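Remarks on the structure that follows.
The values are calculated or read from the model by the stated rules, or taken from the named source; none is laboratory data. In this text the structure is predicted, and so the values were computed from the model without any measurement. Every residue, glycine among them, receives a Cβ derived from its backbone with ideal geometry; neighbour counts consider all protein chains shown.
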Amino acid sequence: MTVRASIVGGSGYTGGELLRLLLGHPGVEVAQVTSRALATQPVHRSHPNLRGHTELAFVNPQEMAPCDVLFLCMPHGKAAGDIGRWMELAPLVIDLSADFRLNDGERYQRWYGETHPNPGALAEAVYGLPEVSRQRLPGSRLVSGVGCNATAMTLALLPLARAGLIRRAICDVKVGSSEAGAEPSAGSHHPVRARTARTYSASGHRHLGEVAQSLGDLDVDATVTAIDMVRGVLCTTHVEPTRPVEMKELWKLYRGAYADEPFVRLVADRSGPNRFPDPRVLVGSNHADVGFAVDERSGRIIALCAIDNLVKGAAGSAVQSMNVALGRNETEGLWFPGLHPA
């Protein structure tokens, strides 16, 4: 059965990546893609990599027609107020912004510093990271997007959290420039962003709200640093464990947690240049590479996760969640291994 899918807000990086994935999905027909500024223009004006792969042109959001799945790729804060209207257009709505990632108004207020405009919808939304919420996705009507930094932190720590091994954890998160979106800002346009290693969130990053929601309210903090990379997130987490742990046990924990996860790969080799996760080999891929090590001197656990922020950290997880919600093969349209070299 072919699913008719449409995208609201398709001119940005996330919208373009979502469109790329959906055009290659064997069970999806892309019906409409919106952009107010580019209405009537071909989508390749904004996404030149799609030239020749589709004849679609952008339409005004007011011209949206009913479809089977509606993806919202609007700026944060724009979807929540009108979510009723969007849900009237499709039986399944997947919002890639931060509007519905947290499941209650109090948690949202704490991490975003403002009152949620539609707190009743928060309880209905299912968090769109299948590795965490797969059982709730089938039959859902509203699915949230995921934070890319939150995704990397969560997948690095999930097996340890489930085993009760985290006394305290500090996540060192390094991110590429595409996290900042297609519209340049004072800190993201090329002259100040290139060749940099700039910490922009020393602690208390808002994506920690998602991590706490997924793993439990553990003692976890994060420092986020922008580096000279376009795509990718690398999370290196230093964990003070609740008891001593050896590598043999870590292998058992991580294999047990991720054995049935189609997009999580364990990368913890003893030697070689690729013995730990590297976001560069994940460009364009929905995979998450997870690694781990033990510092024999201190007993500290080092847990790592690398992803492509635009795919596993956004559009890829959205498509994966769609597949699960509709009862389709979870890997449809997503089995791209990444590029090497990239």
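Among the residues of the stretch 112-133, the ones that are within 17 Å of THR154 (Cα to Cα) and assigned to a helix (DSSP H, G or I) come to 4 in all. Across the stretch 52-86, the qualifying residues are those that are of a type in the set (A, V, I, L, M) and in a helix (DSSP H, G or I), and the one among them that is modelled with the lowest pLDDT is ALA80.
Step by step: first the residues of the stretch 269-293, then only those that are in contact with a Leu (Cβ under 8 Å, 6 or more places away or on another chain) and free of Cβ contacts under 8 Å to residues at least 40 places away in the same chain, then the one that is nearest to ALA169 (Cα to Cα). Which residue is that? Per the criteria, the residue is GLY291.
Does GLU63 satisfy the condition of being within 30 Å of TRP111 (Cβ to Cβ) and charged (D, E, K, R)? So GLU63 fails the test. Only residues that are touching a helix residue (DSSP H, G or I) at 6+ places or on another chain (Cβ under 6 Å) and touching a residue at least 60 places away in the same chain (Cβ under 8 Å) were counted across the stretch 108-125, and they come to 1. Here ASP269 passes the criteria (1) touching a Lys or Arg at 6+ places or on another chain (Cβ under 7 Å); (2) in a strand (DSSP E or B); (3) over 30 Å from LEU18 (Cβ atoms) except the one numbered (2). Criterion applied to SER97, SER144, SER133, SER178 was being touching a Phe, Trp or Tyr at 6+ places or on another chain (Cβ under 6 Å), under 19 Å from VAL8 (Cα atoms) and of a type in the set (Ser, Thr, Tyr), and the one residue passing it is SER144. Looking across the stretch 65-79 at every residue that is surrounded by 14 or more Cβ atoms within 10 Å (Cβ to Cβ) and more than 18 Å from ASP99 (Cβ to Cβ), the one that is nearest to the chain's Cα centre (by Cα) is identified as ASP68. Taking the stretch 205-245 as the region of interest, how many residues are of a type in the set (A, V, I, L, M, F, W, C), over 30 Å from HIS190 (Cβ atoms) and surrounded by 21 or more Cβ atoms within 10 Å (Cβ to Cβ)? Residues that pass the stated criteria total 3.
Per the listing ASP82, ASP104, the residue uniquely of a type in the set (D, E, K, R), without any contact (Cβ under 8 Å) to a residue 24 or more places away in the chain and over 27 Å from ARG4 (Cα atoms) is ASP104.
How many residues does the stretch 165-180 contain that are over 14 Å from ALA150 (Cα atoms) and not in a strand (DSSP E or B)? Number satisfying all stated conditions: 5. Pull up the stretch 288-342, narrow it to residues that are under 14 Å from the mean Cα position of the chain (by Cα) and of a type in the set (D, E, K, R), then point me to the one that is surrounded by the fewest Cβ atoms within 10 Å (Cβ to Cβ). Taking the candidates together, the pick is ASP289.
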